[in-house]
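Before any comments, here is the structure.
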Amino acid sequence: MLEESFTKHEKGLSLIEFVRLMMQSILCMKDEEVDLIFGIIKLFKDIDINGDGTMEWEEFTQYLIEAMVGDNGITGASGNYNSAIKGHTNCKINCSTQLKP
């Protein structure tokens, strides 16, 4: 599960770890991977509220909660969650993914 991957990293996930986890969790066409990676990087920067370069589970979930409460759907606290996956119609999310070493 995503939560397990976060909690295994006591100080949070680094940008690289977060990108790897998301890429393992989101299945998409090869020709969309580069755009998706850029979207995930942008999403990481938006979610890393305290700016420490890591993302804790609490930051991740708080961002999603605020996104859902702030809008009538998940479009991101600052509108960027949607931009991370926008246009990736062939992508599917696997929420049971764990970060692989």
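Which FRET efficiency value, to the nearest 0.05, do you get for Thr7 and Asp31 by plugging their Cβ-Cβ distance into 1/(1 + (r/R0)^6) with R0 = 22 Å?
My answer for the efficiency is 0.05.
The label-point distance for Ile49 and Thr61, in a model that sets each label 7 Å from Cα toward Cβ, rounds to 1.3 nm.
The numbers here are math on the coordinates, done by the rules we state, and not lab data. Here the structure is a predicted model, which means the values were calculated and not measured. So basically every Cβ, Gly included, is an ideal-geometry build from the backbone, and we count neighbours across all protein chains shown.
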